[in-house]
Amino acid sequence: MTLETLANTIQDTVMSKTNTDSKPMVMLGASFQSVAEFTYNLLSKINPSAPSASSRIDHIIMDHREAHKDDDKSVQKVAIVTGANSGIGLVTANALARAGYQTILACRNPDLAQEALGTLKRQTGLDTFEVMQLDLASLASVSRFVKEFKTKYDTLDILVNNAGVMMCPYSQTKDGIEMQFGTNHIGHFALTTQLLDSLKAAKGGARVVVVASLAYVLTTGIDYSAIENKEKYDRNNNYAMAKLSNIMFSNALARKLEGTNVTVNSLHPGSIATNLTRHVGTGAIMDAVTNMVMIDAQAGALTSIYLALSPDVEGVSGKYYARCGEATPHPKALDEAEQDRLWEYSEKLVAGKSL
């Protein structure tokens with residue numbers, strides 16, 4: 001049994017034994033989940049026999065190229081990565097381009113996106129990157145992005161919903177939606193549903209990859225009043241609800257796309273030392289702890305790249321992954337009635353804010 005499989009087995013067992021309707025039991029389960037997570041991170045760093053994340057990414061790219069060696073080379077393949085200017089988004093964009101995709105860097109900050117563009121071109125020696133501005137905290141920006149994309153491209157082969165905010169102080173999106181739910185879920189909900197025709201038009205099938213987080217273990221489920229009421233805002237619980245929403249949306253979309261050539265899967269990337277954690281804490285002690293118990297962006301991007309490119313998951317849909325293996329999510333993520341409720345809530349919210 002590999003270290004990855006052992007970690008997933010332990011966390012799956014804890015999830016299956018946790019009474020997710022009880023907040024005290026949820027917090028106890030989350031503690032065990034965190035111990036397993038950080039123990040894995042530490043052991044993976046000191047295991048001399050484990051292949052590096054970069055070598056595993058290279059292997060996934062080679063497998064993908066081999067599986068698609070007979071594809072029509074005249075057909076351009078296109079990928080979008082949200083939040084591609086840094087962290088695991090940058091690493092994911094690098095891999096997709098090396099696998100042969102025209103890769104769109106969908107980023108909020110144009111200056112940071114241009115810096116990332118230069119970095120990626122230097123890293124890969126490729127000129128198959130393009131920056132398109134996307135602010136997921138603005139439904140108008142999402143619509144502009146989709147319109148711009150569709151004027152340039154007829155199809156979309158891979159969509160990686162990667163961008164997000166984490167445990168920030170209370171604020172709202174430009175549409176007046178609580179920031180974590182609005183950016184992490186609603187922005188990607190609007191983006192993905194508006195791009196469905198482009199995904200369905202992909203000649204060799206398309207994949208949607210949704211970056212969630214193990215942080216969903218911190219919540220009993222989605223409390224819509226805590227999304228709508230500032231007084232009930234808790235940055236940890238609201239983040240957990242947003243990440244649970246990612247998995248629920250992924251599963252619901254997979255059901256709706258059954259019988260098509262589009263697959264949808266979600267994932268936990270790992271506990272990663274990136275700028276996403278900027279609201280969690282700072283200082284020398286926190287930095288030291290972060291470096292010790294968190295993985296780097298290469299390792300964090302591995303499962304996203306695996307789900308986007310690997311022949312191993314061809315045709316697989318509606319699943320949740322961690323460490324490149326199928327894992328067990330929160331029970332609410334598997335509840336179709338809860339999925340449908342979230343979908344209807346999201347649909348009405350987007351429609352109401354888009355008037």
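The values are calculated or read from the model by the stated rules, or taken from the named source; none is laboratory data. Everything numeric in this text was worked out from a predicted model, so none of it was measured. When we count neighbours, we look across all protein chains shown, and the Cβ atoms used for this are built from the backbone with ideal geometry, even at glycine. All accessible areas refer to the heavy atoms of the entire protein, side chains included, with ligands and DNA or RNA removed. Shrake-Rupley method; radii C 1.70, N 1.55, O 1.52, S 1.80 Å.
Across the chain, where is the longest run that never hits trypsin sites (Lys or Arg not before Pro) in a DSSP loop with at most 14 other C-beta atoms within 10 Å?
No qualifying site falls inside 204-355, the longest such stretch.
Starting from 0.36 nm per residue, how many nanometres of slack lie between ASN236 and LEU3 once their C-alpha separation is accounted for?
81.0 nm is the gain from fully extending ASN236 to LEU3.
Could you please state how large a percent of the accessible area of the chain is carbon and sulfur, counting protein chains only and using a 1.4 Å probe?
53
Who wins for biggest fluctuation among ALA116, ALA206, ALA95 in a Gaussian network model of the chain, springs between alpha carbons below 10 Å?
Answer for the Gaussian network model of the chain: ALA116.
Assuming 0.36 nm per residue, please report the length gained on full extension of the stretch ASN261 to GLU336 beyond their Cα-Cα distance.
Extra length available between ASN261 and GLU336 comes to 24.8 nm.
Of all DSSP beta bridges in the chain, what percent run antiparallel (nearest 5)?
In the chain, approximately 10 percent of DSSP beta bridges are antiparallel ones.
Looking at the chain as a GNM with Cα springs under 10 Å, which of GLN123, GLN133, GLN298 has the largest mean-square fluctuation?
So, out of GLN123, GLN133, GLN298, the one fluctuating most is GLN123.
For LYS256, which aspartates and glutamates qualify as cross-link partners when the Cα separation must be under 19 Å and same-chain residues fewer than eight apart are set aside?
Cross-link targets: ASP157, ASP197, GLU314, ASP335, GLU336, GLU338, ASP340, GLU344, GLU347.
Checking the cross-link filter: which aspartates and glutamates have an alpha carbon closer than 16 Å to that of LYS121, excluding same-chain neighbours under 8 positions apart?
ASP111, GLU130
Taking springs between alpha-carbon atoms closer than 10 angstrom, which of GLN114, GLN102, GLN33 fluctuates most in the Gaussian network model of the chain?
Per the Cα network of the chain with a 10 Å cutoff, GLN114 tops the list.
Going down the table (LYS232/LYS319; LYS17/LYS332; LYS243/LYS319; LYS69/LYS203; LYS243/LYS332; LYS77/LYS200), which pairs top 20 Å between alpha carbons?
LYS232/LYS319
Could you work out the helix-only [θ] at 222 nm for the chain, with each DSSP H run of four or more residues adding -39,500 (n - 2.57) and the total divided by the number of residues, to the nearest 500 deg cm²/dmol?
My calculation for the chain gives -16000 deg cm²/dmol from helical runs alone.
Enter the accessible area per residue of the chain (Å², integer; probe 1.4 Å; all protein chains in place).
Dividing the accessible area of the chain by its residue count gives 44 Å².
Whole-Hz ³J(HN,Hα) for each residue in segment 210-221, computed from phi via Karplus 6.51 cos²θ - 1.76 cosθ + 1.60 with θ = phi - 60°, x for glycine and proline: what do you get?
Coupling constants for segment 210-221: 10, 7, 9, 5, 5, 4, 4, 5, 7, 10, 7, x Hz.
5 Å is the cut-off here: which amide hydrogens, built 1.01 Å from N in the peptide plane, fall below it relative to ASP175, excluding neighbours closer than 5 in sequence?
Close amide H contacts, sequence-distant or interchain: LEU139.
Is any helix in the chain, taking whole DSSP H runs, at least 27 angstrom long along its axis by alpha carbon and on average at least 0.5 on the Kyte-Doolittle scale, and which ones?
Those that pass (Cα extent of 27 Å or more, hydropathy at least 0.5) are 23-46.
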